[in-house]
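Step one of this worksheet: look at the structure below.
FYI, it's all coordinate maths here, none of it is from the lab. Because the structure is predicted, anything quoted here is derived from the model rather than measured. Cβ atoms come from the backbone with ideal geometry, glycine included; neighbour counts cover every protein chain shown.
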Amino acid sequence: MSFWDARFLWQEPLLAAVIAAAVLGYLGFFVVLRRIAFMSAALSQVSGLGVAVAFFAGSFLGISPHDPTPWWLAPTTFALFFASAGAMLMALVVRSKRVSSEAVVALSYLAAAAFVMVVLASPRIAQEAHEVGDLLFGNAVVVKRGELVQLLAAGVITLVLHALFFKEFLFCSFDPETAKVFGVPVPVMDVLLHLNLAVCVAIATKALGALPVFAFLVLPAGAALLFSERLKPVVALSVGLSVVAAALGYYLSWTLSLPTGSVMVALAACFWAVAGIKRFVELRR
Amino acid sequence: MSGSVPLCALEQVVIGHRRGRPLTPAVSLEVRQGDIVGVLGPNGSGKTTLVKTLIGQLAPLSGTVRLPVERTLRVGYVAQGHRPDFAYPLSVLEVTLMGRAQALGLVKRPGKADRALALAQLESVGLAARADAPFRSLSGGQQQRVLVARALTAEAELLVLDEPTSEMDPAAEHALLSLVSGLSASRNLAVVFVTHEISAAAGFATRVVLMDPAAKAVDVGPSSELINSEHMTRLYGRPVEVRRESGRTLVWVSGRDEPGATA
């Protein structure tokens, strides 16, 4: 069966990957410039912990991971709640300036990763641990319709939020001290941006997996910043490169029978390498 | 006092950080249109805390901060040790336009009139021709001038510069302070600047605030009266000689053979 003939199989996963890549590629502009790249990795782990806890809680009510669950016990609800709470905590602790941001991120990552293992080792959900692991960190090959809708919603929320507050997000990121004097509500904007990031990471991680999400947030924006020195081209390139890595990565993984998420990440890394070479040549002139 | 309209004032204000010890005894200071106030003192004496309290960014431990009640005081601010983040792909004009944040409020984006205003302010600091250049491509002195233009784009009535020349060579420092002094005169703009350069305060400030943590004293007065050998020696805890010759201020700090600075 050719790639095109099998489109009924890949349409939705590909669309999900492209939407996630566009949203994460855009948010990556702020993630890279604010130097919070590893916060996204930590948020993936924290949202994964939320999913694990949802299953663990469900086991007490006799609900299997495969059964329909009420919304308040749904893995997505828990993932969103945990990721949002984690993002808020990280933002607040980092603002306190008593602990370095990288230490806070490392703590969140390690604690979440450890607790996920502890929860999954529980005899209550041990038998489903493998499936739970797949749900925890996604699988870019198979994406459910519900996850596609959630990704679309996350995309729309991001679009609206940044259409309204891009000016403020940029000022708060570049020069928060002056932004505050100029009347910009810096803490509110910081929390909004972190929550936006948390929601997108939580939803995208569940749909695609932690590795592609981390890669889309860091690699395209990093490459774009090497390709251009202008604001609009950098944002456009960050989104564009991310989408190309997702779409082309999906196609190549299908035709070459390679792991989907990994091919996407490898492509995104190649863009950075090309951008790095371009920059190096420019500096040598 | 050179100006006529008071903009903000501290009345018997004790400054310090929340739950922290007071940094100074009670201080009173009024800033009026056209004033140029220099704030001098050793490291850790509370200079930045004082200016942030003056513009309402920090709450005083006690006393009263007077700000206009019928409107928001438009403050232009250049932060201490502002090292531009070279990763940001921003043009000079885009940085300058950030000064419109307060006037535009949330959500609204800068329009043609805002761009025209920002360009006019870049013109006033001599950088209109570099409006489209990447901000990171400018020299340190030029970047500080852009930040002054950004503060002016806020249509500031009060310009606060926190150690604006700390990373500049003497020529760039003199050029920046001359520019600010000229803008103050032409626009009746009040300026408060924090500095470690005695000569800069003597040359450009009409009044100075001396923050002396060792003596637990804050002196406020005309720079011509307070910037002298006695006050500076007490302030910095080492022999400092200040001499005024032909309109310039010469400063010798103990341990140096040559004048430490001139203005």
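In order along segment B:191-204, phi translates into HN-Hα couplings of 10, 10, 10, 8, 8, 9, 8, 4, 5, 5, 5, 5, x, 10 Hz, rounded to whole numbers, per the Karplus curve 6.51 cos²θ - 1.76 cosθ + 1.60 with θ = phi - 60° and x for Gly and Pro.
For the Cα trace of segment B:189-238, dividing Rg by the Kirkwood Rh returns an Rg/Rh value of 0.94.
What average count of beta carbons from other chains do you get within 10 Å of the Cβ of residues in A:170-177?
5
Among B:29, A:15, the ranking by other beta carbons within 10 Å of each residue's beta carbon, starting with the fewest, stands as A:15, B:29. Measuring nothing but alpha carbons in the protein assembly as shown and taking Rh as the Kirkwood radius, the Rg to Rh ratio lands at 1.07.
Mind checking A:24-35 for the average number of partner chain beta-carbons within 10 Å of each residue's beta-carbon? Working shown, then result.
Details: counts 0, 0, 0, 0, 0, 1, 0, 0, 1, 4, 2, 2.
Counting Cβ atoms of other protein chains within 10 Å of each residue's Cβ and averaging gives 1.
Amide H contacts of residue B:14: B:27, B:61, B:62, B:63, each under 5 Å away and 5 or more positions distant or on a separate chain (H built 1.01 Å from N in the peptide plane; Pro and chain starts excluded).
Once you list every other residue whose beta carbon is under 9 Å from the beta carbon of residue B:193, what net charge do they have if Lys and Arg are +1 and Asp and Glu are -1?
Numbers: positive: none; negative: B:162, B:163.
Combined, the nearby Lys, Arg, Asp and Glu give -2.
Would you mind giving the mean number of other chain beta-carbons within 10 Å of the Cβ of each residue in A:226-235, as a whole number? Each step should come with its number before you reach the end.
Numbers: counts 0, 1, 2, 9, 6, 6, 2, 1, 3, 1.
Per-residue shielding by partner chains comes out at 3.
Highest mobility in the GNM of chain A, judged by mean-square fluctuation with C-alpha springs under 10 Å and restricted to A:233, A:123, A:187, is found for A:123.
Where is the GNM fluctuation largest for chain A (alpha-carbon springs, 10 angstrom cutoff): A:204, A:74, A:17? Greatest mean-square fluctuation among the candidates belongs to A:74. Pairwise Cα distances in segment A:22-119 exceed 18 Å in 52 percent of cases.
Taking amide hydrogens as placed 1.01 Å from N in the peptide plane, the amide H of residue B:39 sits under 5 Å from those of B:193, B:194, B:195, B:209, each at least 5 positions away in sequence or on another chain. Here residue B:229 and residue A:72 are evaluated by their C-beta separation; at R0 = 60 Å the FRET efficiency comes out at 0.20. Taking amide H atoms as placed 1.01 Å from N in the peptide plane, the amide H of residue B:91 lies under 5 Å from those of A:231, B:135, each 5 or more residues away in sequence or on another chain.
What does the charge count around residue B:59 come to, taking other residues whose C-beta lies under 13 Å from its C-beta (Lys +1, Arg +1, Asp -1, Glu -1)? Before the final figure, lay out the partial values.
Values: positive: B:18, B:19, B:52; negative: none.
It works out to a net charge of +3.
Across B:253, B:69, B:92, mean-square fluctuation computed from a Gaussian network of chain B (C-alpha pairs under 10 Å connected) peaks at B:69. In sequence order, segment B:144-158 has phi-based couplings of 5, 5, 5, 5, 5, 4, 4, 5, 5, 5, 6, 6, 5, 9, 10 Hz under the Karplus curve 6.51 cos²θ - 1.76 cosθ + 1.60, θ = phi - 60°, and Gly or Pro positions carry x. Computed over the alpha carbons of segment A:145-285, Rg followed by Dmax gives 17.1, 55 Å. Near residue A:167, once Lys and Arg are set to +1 and Asp and Glu to -1 for all other residues with Cβ below 14 Å from its Cβ, the sum equals +2.
Kirkwood hydrodynamic radius for segment B:1-144: how many Å is it when counted over pairs of different Cα atoms? Spell out each step's value before the answer.
Working: mean 1/r = 0.0565 Å⁻¹.
Mean inverse Cα-Cα distance, inverted, gives 17.7 Å.
Is the shape of chain B best called rounded, prolate or oblate, per the rule: a/c under 1.5 gives rounded, else a/b larger than b/c gives prolate, else oblate, with a ≥ b ≥ c the square roots of the Cα gyration tensor eigenvalues? Note, shape of chain B comes out oblate. Calculated over segment A:78-124, the projected area of the Cα convex hull averaged across directions stands at 3.5 nm². With both labels modelled 7 Å from their Cα along Cα-to-Cβ, the residue A:163 to residue A:277 distance reads 4.0 nm.
Converting phi to 3J(HN,Hα) with the Karplus coefficients 6.51, -1.76 and 1.60 and the offset θ = phi - 60°, segment B:37-49 yields 10, x, 10, 10, x, x, 4, x, 7, x, 5, 5, 4 Hz in sequence order, with x at every glycine or proline. The orientation-averaged projection of the convex hull spanning the C-alpha atoms of segment B:130-170 amounts to 3.4 square nanometres.
Shape summary: chain A maps onto an equivalent ellipsoid whose semi-axes, from the alpha-carbon gyration tensor, are 30, 26, 16 Å in decreasing order.
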